[in-house]
Amino acid sequence: MTTLLLVPAVPAGADPAPAPPAGADSAFDRLAEEVESARHAAEAAEQNYTAVTGELARRRQLSADAARQAAEQRGRLADAESEAARLVSEQYRSGGLGTLARLFLSDGPEDFLDRQQRAASDSRSAATVLRDLREARNRMVLFSEQAAQAEKAASDAAAEAQRSLERAKEGATRTERLLAGATAEQIGLLEQRESALADGAARQLLAVGPGGGASAAGRRAIDFALAQRGKPYLWGGTGPDAFDCSGLTSQAWQAAGVPIPRTSQQQWAGLRHVALRDLRPGDLVVYHGDASHVALYLGGGTVVHAPHTGTVVKLAPVAMLPVLGAVRPDPDARPEPAPQPQPAPPSQPTQPSQPSPSPAPAG
């Protein structure tokens with residue numbers, strides 16, 4: 001039977017989730033599937049909105065930088081054009097006589113040669129001005145085009161962010177409508193099922209212990225994430241009081257000294273993939289084909305995550321949702337050895353009591 005969390009099996013040691021009453025299986029299945037689908041759609045849209053709004057800010061900054069550089073080049077172009085006009089005017093005023101005539105009219109050969117050197121220097125100055133003029137014009141055109149492209153990209157990102165926001169609201173509204181139409185008994189069954197899975201994961205974690213084989217940074221990320229348990233889910237939340245799924249994982253690794261991308265899709269795309277059989281504590285497990293959810297692996301088949309609106313940061317089985325794969329934020333870090341249990345101190349042997357010596361007979 002499909003459950004709200006799409007878990008193939010309840011973890012060992014967990015209390016079995018209560019079964020729906022006889023004859024209600026079909027209705028409960030449909031409700032669980034529809035609620036999960038609505039929550040998935042909302043979270044996927046939320047993650048995309050977070051990513052796109054970050055890209056929008058970057059694109060707007062690029063547009064502003066390119067526009068500023070284009071304005072600077074316009075000023076340099078105006079200066080180069082003024083200098084070029086001045087040189088053209090001077091050459092026009094000094095023109096009209098050939099080289100031989102200027103030699104005869106000069107006071108002497110030395111004066112003529114000096115004028116020739118100045119003329120050569122003026123020619124070099126003119127070449128420099130013309131070169132600066134061409135370069136300033138080319139740079140102005142380039143930066144103007146870059147500014148226009150960045151502005152277009154920012155406009156597209158703003159439109160995509162708005163579409164994602166609308167999809168997220170639609171998913172949240174659909175979830176609320178489904179739950180509002182469910183019976184109190186069905187809602188109780190859904191909540192009890194989630195609680196049973198979370199409780200089973202908690203007992204499993206306590207039995208195995210977090211962090212075995214984690215890197216030093218991975219252990220710090222785990223400690224941070226576990227300290228957030230009980231804090232509410234908040235769309236776009238990065239703490240300290242509330243988190244969304246990728247806000248929790250990104251902040252956990254930030255606290256460990258390893259900055260990682262912000263959203264679950266960016267984490268899946270930008271971090272090194274590891275095989276599920278090689279999972280170690282601190283790795284990130286990514287869910288759904290669109291990488292719309294992410295959790296931090298603790299070891300022992302358990303993750304900590306921020307599930308969805310209306311819940312809090314909690315533990316869950318690693319197979320709580322369809323797994324896409326796993327990524328490792330610090331692939332080059334060596335794992336630390338798992339802590340070994342300390343043997344109990346040997347008990348002190350009990351000394352057998354010695355019989356008291358019999359009093360010596362009176363002499």
Original post:
Which condition breaks for A24 when tested against (1) at pLDDT 80 or above; (2) open to solvent by 20 Å² or more (accessible area, probe 1.4 Å)?
Top reply: (1)
**OP:** Being within 18 Å of E194 (Cα to Cα) and either of a type outside the set (A, V, I, L, M) or modelled with pLDDT of 95 or more (or both) is the filter here, so list the residues in region 316-338 that pass it.
**Re:** P317, P322
Subject >> Subset of region 166-184 [surrounded by 13 or more Cβ atoms within 10 Å (Cβ to Cβ) and assigned to a helix (DSSP H, G or I)] >> reply: R167, A168, K169, E170, G171, A172, R174, T175, E176, L178, L179
**OP:** Residue by residue through region 261-279, note down the ones that are touching a helix residue (DSSP H, G or I) at 6+ places or on another chain (Cβ under 7 Å) and either over 20 Å from K169 (Cα atoms) or outside any loop (DSSP other than H, G, I, E, B) (or both).
**Re:** P261, R262, S264, Q265, Q266, Q267
Original post:
When you go through A214, A252, A225 one by one, which is the residue that is open to solvent by less than 30 Å² (accessible area, probe 1.4 Å) and not in a helix (DSSP H, G or I)?
Top reply: A214
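The values are calculated or read from the model by the stated rules, or taken from the named source; none is laboratory data. Worth saying up front: this structure is predicted, and the values here are computed from it rather than measured. Glycine gets a Cβ as well: all are built from the backbone with ideal geometry, and neighbour counts include every protein chain shown. Surface accessibility is based on the protein's heavy atoms, side chains included, excluding ligands, DNA and RNA. Shrake-Rupley method; radii C 1.70, N 1.55, O 1.52, S 1.80 Å.
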